[in-house]
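What follows is a set of notes on a single structure, which appears directly below.
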Amino acid sequence: MSINSFGHLFRVTTWGESHGPALGATVDGCPPGVPIDAQMIQHWLDKRKPGQNKYTTQRREADEVRILSGVFEGVTTGTPVQLMIENTDQRSKDYGDIMDKFRPGHADITYFQKYGIRDYRGGGRSSARETASRVAAGGLAREAIKAIAPNVQITGYMVQMGPHQIDRSSFDWDQIEQNPFWVPDAQAATDWAAYLDGLRKSGSSVGAIIEVTARGVPAGLGAPVYGKLDTDLAAAMMSINAVKGVEIGEGMSAAMLTGELNADEIFMGNDGQPSYSSNHAGGILGGISTGQDIVVRFAVKPTSSILTTRKTITKSGEETEIITKGRHDPCVGIRAVPVGEAMMACVLLDHMLLHRGQVGKNRGHIG
């Protein structure tokens, strides 16, 4: 079964395990002539790689990407692009104590129930390590987007850690790259550091909410009824390991609004294009982009591998207790930020190619 791929025209297949020799992505459908080299992709992988500070897993991986195919003389050829990242700092012995035990809150048990075998070394394909492949593919997608829609900017950031939310009135785009949490609120970054440090030292973990905004996206991307842009965005974000919920725009909060409050009123802007009073829709109406910012949020659960004793069972059905040793993220949501950005890039490029293939350019002119 081909269940390790996503996308329609820009199609990404990821492969490899957390403690295997390597992992990577095979990208099919990238347009030819896109300038690309390994360093362009490496920039985004460096945002995601582990061991950069005390708030992430101390596994030391360089995450150096190699381009094995699909690129000639510095540009894509239109053939499949093979991206490979070697694993260099596995410590599989850390997982010896849990080879016959299931971690509560982890995919250990469902993988075993489905396949009758599981890679207990870091979780295999269920590990957050798999997301390095997505970030590599997303780096390629970003470069292709530049050629089609050069004004598009994709930025991810954390808006909540555990019960602590950012102050939206203090939102500062420039702060995002200035702290280890990718948070657009300087005070929140300071407060969260102390909070997460306490959790880290206690051996526990916490969840987070990530928001990804794409600015400069043209109107018209997406198609009714089963090719909606928000459908594919929701599926892309939900496919990220540890994600348990996705929202577009106002999301679940829209259920609390009246029709008057939820409606984004429409005007003609000074540039001769439609302008909106607000963006409760998150930049998508009827599955088609409006030209406003596309706003997606997703919730990441706490890391399942913690040092707190929990009750579980073994493969033979015996009741027991478990403590997970090793190197784990106290808040895996931190490294999910560049992953969300990558998935946004892959989906947007895919829909740009679909749009170009069906209508070429927007056919409806207003004004």
Return the pairs, sorted by first residue and then second, in which the second residue is polar (S, T, N, Q), the first residue lies in region 268-281 and is free of Cβ contacts under 8 Å to residues at least 12 places away in the same chain, the beta carbons are less than 7 Å apart, and the residues are 6+ apart or on different chains. G269/S275
Selection count, region 104-129, where residues are free of Cβ contacts under 8 Å to residues at least 60 places away in the same chain, part of a loop (DSSP other than H, G, I, E, B) and surrounded by fewer than 19 Cβ atoms within 10 Å (Cβ to Cβ): 2
Condition met for D264 (charged (D, E, K, R), open to solvent by 20 Å² or more (accessible area, probe 1.4 Å) and in contact with a Gly (Cβ under 8 Å, 6 or more places away or on another chain)): no
Restricted to region 255-269, and to residues that are assigned to a loop (DSSP other than H, G, I, E, B) and among the small types (G, A, S), which residue is farthest from the chain's Cα centre (by Cα)? G269
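Return the only residue of G33, G78 being in contact with a Pro (Cβ under 6 Å, 6 or more places away or on another chain), surrounded by fewer than 18 Cβ atoms within 10 Å (Cβ to Cβ) and modelled with pLDDT of 90 or more.
G78
Condition check ((1) open to solvent by 60 Å² or more (accessible area, probe 1.4 Å); (2) part of a loop (DSSP other than H, G, I, E, B)) across all residues:
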{"position": "L233", "(1), (2)": "no, no"}
{"position": "K244", "(1), (2)": "yes, no"}
{"position": "D271", "(1), (2)": "yes, yes"}
{"position": "S275", "(1), (2)": "no, no"}
{"position": "A281", "(1), (2)": "no, yes"}
{"position": "F298", "(1), (2)": "no, no"}
{"position": "L307", "(1), (2)": "yes, yes"}
Could you grab me the full set of residues in region 185-208 that are touching a Phe, Trp or Tyr at 6+ places or on another chain (Cβ under 9 Å), under 15 Å from Q160 (Cα atoms) and surrounded by fewer than 19 Cβ atoms within 10 Å (Cβ to Cβ)? A193
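The values are calculated or read from the model by the stated rules, or taken from the named source; none is laboratory data. Bear in mind that the values here come from a model prediction, so they are computed numbers and not experimental data. Virtual Cβ from ideal backbone geometry, glycine too; neighbours counted across all protein chains shown. In case anyone asks, the SASA skips ligands and DNA or RNA and just uses the protein heavy atoms, side chains included. Shrake-Rupley method; radii C 1.70, N 1.55, O 1.52, S 1.80 Å.
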